[in-house]
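The values are calculated or read from the model by the stated rules, or taken from the named source; none is laboratory data. Note that the coordinates shown come from a computational prediction; the quantities given were computed from them, not determined experimentally. All Cβ positions, even for glycine, are placed from backbone atoms using ideal geometry, and neighbour counts span all protein chains on display.
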Amino acid sequence: MGAVGDDGDSGLAFETLDLAPVGIAVTRGPGHRLVYTNAMYRSQFSDPRGEVPLDEAFAGFVRRHYRRQFDRVYSTGEPVVTTAEPEPSRPGQPETRERFFTRSLSQVVFGPGDHGVLAVVMEVTEQTTAARQVTDLAEQRRHILRRYESLMRVSADIFWVTSRDGYVSEPSPSWERVTGQRWEDYRGRRWLRTVHPDDRPATVESWLRAVGRATELWEHVYRLRTVVGYRHFQLRAVPICEDGQVVEWVGSSIDVEQQWQEQRRQRLLDRAVIATAQLRSLEEMLGALADVIVPELADGCGVYLVTDLIGQRDGADLFVVERLATAARPGLVRLPPYSEERLAASNTFAQVIRQRRPLLKTFPAGSPPPGLVPQGTRPWLEANDANGVVVLPVIVDGAVSALVCAVTCGNRPAIRRADISLLNRMFVNAHDALSRAIRFQRAQQIALALQYSLLAEPPQVPGMQIIARYRASPAAAEVGGDWYDSFLLPDGVPALVIGDVAGHDLSAAVAMSQLRNMLRALAMDRREPPGEILTRLNIAMESLSGDITATCVYARVEECGDGHRLRYATAGHPPPLLITQEGRGRYLDDAVSPLLGLPSREGRASRTAPLPPGSTLLLYTDGLVEHPGEHLDRGLDRLRRMAEPLAGQPVDKLCDQLLSGLPTTGLDDIAVIALRLPVQG
């Protein structure tokens with residue numbers, strides 16, 4: 001500070017400081033004689049006793065507490081600043097609240113060799129007290145949180161704190177211990193990386209809703225990736241409020257995996273019992289159980305009925321299984337519910353039937369080993385990146401009546417042993433309901449075995465594919481009168497037959513067997529047009545006992561130049577459907593004649609139709625297209641529209657998808673025989 005004049009002028013020099021909002025005092029000489037104070041200073045430091053002059057009181061106060069600081073500034077000229085320093089106690093001064101001051105001491109020059117000290121004092125008691133209160137509150141909060149965290153550790157695996165907007169704001173040693181995720185990796189909302197991908201959307205939605213509404217208590221269950229894998233955790237959090245405003249959230253995470261697994265187990269068992277108790281048909285029961293399994297335990301499921309042991313080959317048992325129910329999680333294409341498969345002795349399904357024990361197979365995604373599942377199921381495993389299969393035998397009344405094939409896909413872990421036990425328990429608990437349906441089904445199986453014994457395997461014709469399917473009515477326990485046949489005539493021409501004897505009992509089956517044998521004998525003995533063969537068959541039926549009526553289609557697949565043609569005749573039966581390789585379908589309905597079994601000596605017409613390369617010929621019984629109260633034309637149109645897009649499918653898949661996809665009454669048997677012509681190349 002520059003010179004301010006001699007003693008006589010000092011009052012004039014400092015009078016401009018009288019109104020300053022801070023306390024100001026000026027001393028002179030090495031004894032620090034007080035020469036000036038402003039009004040603010042006097043209001044702050046006046047002697048409460050009023051007995052000692054201010055300059056004397058100041059000199060005594062300085063000597064006791066600040067002499068070294070004043071001497072240093074006076075002698076060196078270097079300023080001294082103290083911040084928020086408490087006021088020293090004054091002798092005789094009554095106890096009052098503690099006061100704090102920020103001081104600045106600097107040299108002031110009066111003239112050559114004559115200088116002193118300028119003291120600027122500002123009281124900061126309120127600011128310092130408020131800051132101390134904030135510090136005390138923060139420390140108190142830390143103590144409370146440490147106590148709370150210690151208490152929570154008794155019952156919680158993880159303790160955490162977030163900011164008011166839901167971002168993790170403090171490191172949690174328990175989080176790193178459980179998840180292995182470090183503070184820098186989970187701060188903010190990066191902790192979501194440890195949440196199972198399938199659970200993230202619901203977790204984020206629930207948490208943001210809680211933060212936005214300041215919910216009193218937030219609870220949520222999710223799967224958390226821990227150092228030992230994903231486990232279920234129960235989340236709980238409460239908002240901490242000050243002055244009615246949320247300042248942070250405090251929460252805990254508790255491992256509830258064992259509890260969750262037990263609750264899920266009981267829930268699935270209850271669902272399985274309820275589903276089977278409310279349904280009557282076996283197909284409905286198995287479909288309901290498949291829907292319980294998916295997606296809780298697996299990504300896909302198929303339930304196969306073991307129809308019967310059909311014989312042996314090379315000393316090993318051969319089985320026929322029918323897939324009656326399927327299920328698939330959202331995002332995966334569902335397999336058609338119906339498929340019929342013959343199992344080789346080496347197939348895993350056949351192994352499970354013989355050993356009567358569940359079997360678990362894991363493999364690289366999309367690469368199932370050969371023989372693991374029926375051929376019709378394998379493409380589905382490959383297309384959906386299956387990585388594991390469980391085949392479970394369903395034992396009802398002491399016999400393996402069905403097989404459950406549960407599949408995991410993509411990144412989903414293979415089914416655990418505990419879940420295999422749960423699958424088994426589901427079917428054990430549903431035993432009584434399944435037993436009632438299976439007993440009815442076994443009666444059907446006996447009829448079906450008889451039916452299969454009457455239905456010949458289609459012949460192997462070079463360049464052609466002939467596929468046959470028979471599906472018994474789920475509502476009838478007796479064998480029916482539907483039949484198919486295919487054989488090579490003496491001239492090498494393949495013959496196709498489809499027929500239906502009226503009735504659904506043993507007498508219908510006997511009549512069906514007689515007609516089938518008579519037709520085959522007539523066809524093999526004479527190379528007459530199909531219409532003539534049906535005429536002779538109608539005459540021969542007069543020798544059979546009882547009033548028997550039947551429908552039939554008889555067709556010859558003949559070579560014609562570089563291609564093939566169909567010579568056929570129809571007796572009261574729905575017309576054959578021809579589907580070109582390009583997916584255009586039309587019915588061959590030019591050779592219509594009355595039912596078989598009606599007295600008539602008139603000849604029946606034969607017609608010829610070209611068979612384009614790669615086309616498919618479909619013969620079928622009326623159970624595939626007829627509905628009570630509906631005109632047959634609607635059923636025929638429905639069959640054509642569904643068959644046309646399947647023209648590029650393998651012929652066996654085409655038959656299975658028609659049987660699965662078309663709405664049928666379930667009151668009649670269905671027989672189908674299909675021929676696929678070779679593609680010219």
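Observations
- Residue match in segment 273-291 (condition: within 24 Å of residue 196 (Cβ to Cβ) and assigned to a strand (DSSP E or B)): no
- Selection status of residue 360, outside any helix (DSSP H, G or I) and surrounded by 14 or more Cβ atoms within 10 Å (Cβ to Cβ): yes
- Restricting the first member to segment 507-536 and to residues that are over 17 Å from residue 602 (Cβ atoms), and the second to residues that are of a type in the set (Val, Ile, Thr) and not in a helix (DSSP H, G or I), the beta-carbon pairs closer than 7 Å and six or more apart or on different chains are 508/501; 509/479; 511/501; 511/548; 512/501; 515/501; 519/497.
- Residue check: residue 186 meets all listed conditions (1) more than 14 Å from residue 158 (Cα to Cα); (2) modelled with pLDDT under 90; (3) among the aromatic types (Phe, Trp, Tyr) but one, namely (1).
- Residue check for residue 590: touching a residue at least 12 places away in the same chain (Cβ under 8 Å), acidic (Asp, Glu) and more than 30 Å from residue 529 (Cβ to Cβ): no
- Taking the criterion of being in contact with a His (Cβ under 9 Å, 6 or more places away or on another chain) and over 22 Å from residue 550 (Cβ atoms), the residues of segment 639-680 that qualify are 663, 677, 678.
- Looking across 352, 292, one residue alone is within 26 Å of residue 652 (Cα to Cα) and modelled with pLDDT of 90 or more. It is 352.
- Close Cβ contacts (under 7 Å, 6 or more residues apart or on different chains) running from residues in segment 176-188 that are assigned by TED's automatic domain parsing to the domain that holds residue 230 to residues that are modelled with pLDDT under 90 and in a strand (DSSP E or B) comprise 178/158; 186/168; 187/168; 188/168.
- Residue that is modelled with the lowest pLDDT, among those in segment 248-283 that are among the acidic types (Asp, Glu) and within 17 Å of residue 431 (Cα to Cα): 283
- Qualifying residue in segment 332-354 (condition: assigned to a loop (DSSP other than H, G, I, E, B), over 24 Å from the mean Cα position of the chain (by Cα) and acidic (Asp, Glu)): no
- Selection status of residue 199, within 30 Å of residue 330 (Cα to Cα), at pLDDT 85 or above, part of a helix (DSSP H, G or I) and not assigned by TED's automatic domain parsing to the domain that holds residue 21: yes
- Residue check, residue 572 touching a Leu at 6+ places or on another chain (Cβ under 7 Å), of a type in the set (Gly, Ala, Ser) and free of Cβ contacts under 8 Å to residues at least 40 places away in the same chain: yes
- Top-ranked residue in segment 189-206 [being in contact with a strand residue (DSSP E or B) (Cβ under 8 Å, 6 or more places away or on another chain), surrounded by 14 or more Cβ atoms within 10 Å (Cβ to Cβ) and of a type in the set (A, V, I, L, M, F, W, C); ranked as nearest to residue 158 (Cα to Cα)]: 191
- Any hit, segment 616-630, residues being within 30 Å of residue 527 (Cα to Cα) and surrounded by fewer than 19 Cβ atoms within 10 Å (Cβ to Cβ): yes
- Among the candidates 145, 151, 137, 118, the residue that is at pLDDT 85 or above and either of a type outside the set (Gly, Ala, Ser) or not in a helix (DSSP H, G or I) (or both) is uniquely 118.
- Residue match in segment 406-417 (condition: surrounded by fewer than 16 Cβ atoms within 10 Å (Cβ to Cβ), part of a helix (DSSP H, G or I) and modelled with pLDDT of 90 or more): yes
- Listed by first and then second residue, the pairs with beta-carbon distance under 7 Å, at least 6 apart or on different chains, first residue in segment 398-417 and touching a residue at least 24 places away in the same chain (Cβ under 8 Å) and β-branched (Val, Ile, Thr), second surrounded by fewer than 22 Cβ atoms within 10 Å (Cβ to Cβ) and part of a loop (DSSP other than H, G, I, E, B), are 400/356; 408/414; 415/297.
- Segment 482-526, subset among the polar types (S, T, N, Q) and over 21 Å from residue 674 (Cα atoms), residue surrounded by the most Cβ atoms within 10 Å (Cβ to Cβ): 514
- Look at (1) of a type in the set (A, V, I, L, M); (2) at pLDDT below 95; (3) assigned to a helix (DSSP H, G or I) and you find that residue 643 fails only one, number (2).
- Some residue of segment 248-271 being in contact (Cβ under 8 Å) with a residue 60 or more places away in the chain, buried (at least 18 other Cβ atoms within 10 Å of the Cβ), not in a strand (DSSP E or B) and not assigned by TED's automatic domain parsing to the domain that holds residue 430: yes
- The residues in segment 537-584 that are polar (S, T, N, Q), buried (at least 19 other Cβ atoms within 10 Å of the Cβ) and not in a helix (DSSP H, G or I) can be counted, and the count is 2.
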